[in-house]
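Participant: First the structure, then my questions, so here it is.
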Amino acid sequence: MNPFENLKLPLVVAPMFLISGPELVIECCKNGVVGTFPALNQRSTEGFEEWVIQIKTELEKFEKETGKKPAPFGVNLIVHQSNPRVMADMQIIVKHQVPLVITSLGAVTQVVDAVHSYGGLVFHDVIKKRHAEKAAEAGVDGLILVTAGAGGHAGLLNPIPFIQEVRSFYKKTILLSGCMSSGHDIASAMQMGADLAYLGTRFINTTEARVDKAYQDMISDSGTTDIVYTAAVSGVYANFMKKSLENNEIPPEMWEGKAKIDFGKELDAEKAETKAWKTIWSAGQGVATIHDVKPTGELISEMKKDFRHAIEEQAKLLDKY
């Protein structure tokens, strides 16, 4: 059975570091789109399991009370030697049979096999063809193409040729990430050849997101040129809001550098990373069309209407050409 066949919109809401929690995930799934969160948003494996149980319990309750089947939820797992919790968190994922696992910084066959053992799916995010080929070899069920202008750790490729390049050798699910904020954008992703859209930044400006109001206000006030692609914050290139960098006294001359900012020798790597992303705010170029904060359910409802309208308008072109 395809866990995505009952989606109300071809959409996966991306797992956002320090932002995505059970509240956002549950509302996404109740409203027919895939909700996800990073395992590391909980500071311990025990806390991670508590969130998984909370989400499963709420979604089971929703289905029992309404008779409606919620969309599946997913967890982002950092598969890298710098993450000491990989094995422990993986045990929780298998124990609770998490429907979707999104892997980052490494496509590992053992992880894929473990998720497949209970019928789960693995999607892996990539920014170039070589990464996509390696993930495909590892047996992942879907590739998330993170293109230019996306929030967080983004790539530099244009989505149109990138999708076609990957589609030439990969026949499974392709998700597109980068600069999308509306139902019309999701329709455009389908036109380009994606199977699902993958949105993050737009869902920062929801009432369920775990963010400061100042973060949401900055998104509403920002445009495409207010997004800076830099490796200075975490040592890996990512997109951040210019005002946020300036507010943290990180000058433009540092934006071009590759050296990671020193947040103090008293902080270990994990705490330093958390401090960086908590005070320096990431967002994609999609901020240009985000000007408000809405409840997740209301936002998804509007996206669905906009998506259908876009498809209907596109269909009219068949009468013209």
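Every number in this text was worked out from the coordinates using simple rules, so none of it is lab data. This one's a predicted model, so the numbers in the text were calculated from it and none came from an experiment. Cβ placement follows ideal geometry from the backbone for every residue including glycine, while neighbour counts extend to all protein chains displayed.
Participant: Which distance in nm do the two modelled labels at ALA88 and SER168 give, with both placed 7 Å along the Cα-to-Cβ direction?
Facilitator: Result for the modelled spin labels: 4.5 nm.
Participant: Please work out how much length the chain gains when fully extended from LYS95 to ILE160, using 0.36 nm per residue of separation minus the C-alpha to C-alpha distance, in nm with one decimal.
Facilitator: 19.5 nm
Participant: Now a separate question. What order do you get for SER234, SER82, SER177, SER301 when you list them from fewest to most C-beta neighbours inside 10 Å? Numbers along the way, then the final one.
Facilitator: Details: SER234 20, SER82 10, SER177 29, SER301 17.
Placing the least packed residue first, the sequence is SER82, SER301, SER234, SER177.
Participant: Still on this structure: Taking neighbour counts of Cβ atoms within 10 Å as a proxy for exposure, in what order, fewest first, do VAL86, VAL94 appear?
Facilitator: With the fewest neighbours first, VAL86, VAL94 line up as VAL94, VAL86.
Participant: Additional query: Taking the simple approach of a point 7 Å from Cα along Cα-to-Cβ for both GLU256 and VAL236, what is their distance in nm?
Facilitator: For GLU256 paired with VAL236, the spin-label model returns 2.6 nm.
Participant: Using alpha-carbon pairs under 8 Å, 6+ residues apart, how would you state the relative contact order of the chain in percent? Write down the numbers at each step before the final one.
Facilitator: Values: 611 pairs, mean separation 53.6, N = 321.
Value for the chain: 17 percent.
Participant: Oh, and also: Need one number: nm distance between label points at GLN54 and GLU302, each 7 Å from Cα along Cα→Cβ, rounded to one decimal.
Facilitator: Label at GLN54, label at GLU302, 2.6 nm between them.
Participant: Could you list which residues have their amide H under 5 Å from that of VAL122, counting only those 5 or more apart in sequence or on another chain, with H placed in the peptide plane?
Facilitator: When sequence neighbours closer than 5 places are left aside, the close amide H contacts are VAL101, ASP141, GLY142.
Participant: Grab the Cα-Cα distance for GLN110 and SER220, subtract it from 0.36 nm times how many residues apart they are, and report the gain in nm with one decimal. Walk me through the intermediate numbers first.
Facilitator: Details: separation 110, 0.36 × 110 = 39.60 nm, distance 4.17 nm.
Roughly 35.4 nm would be gained on extension.
Participant: Using only alpha-carbon positions, what ratio does the radius of gyration of the chain give when scaled by 2.2 N^0.38 Å?
Facilitator: Values: Rg = 18.9 Å, N = 321, 2.2 N^0.38 = 19.7 Å.
For the chain, the normalised Cα radius of gyration is 0.96.
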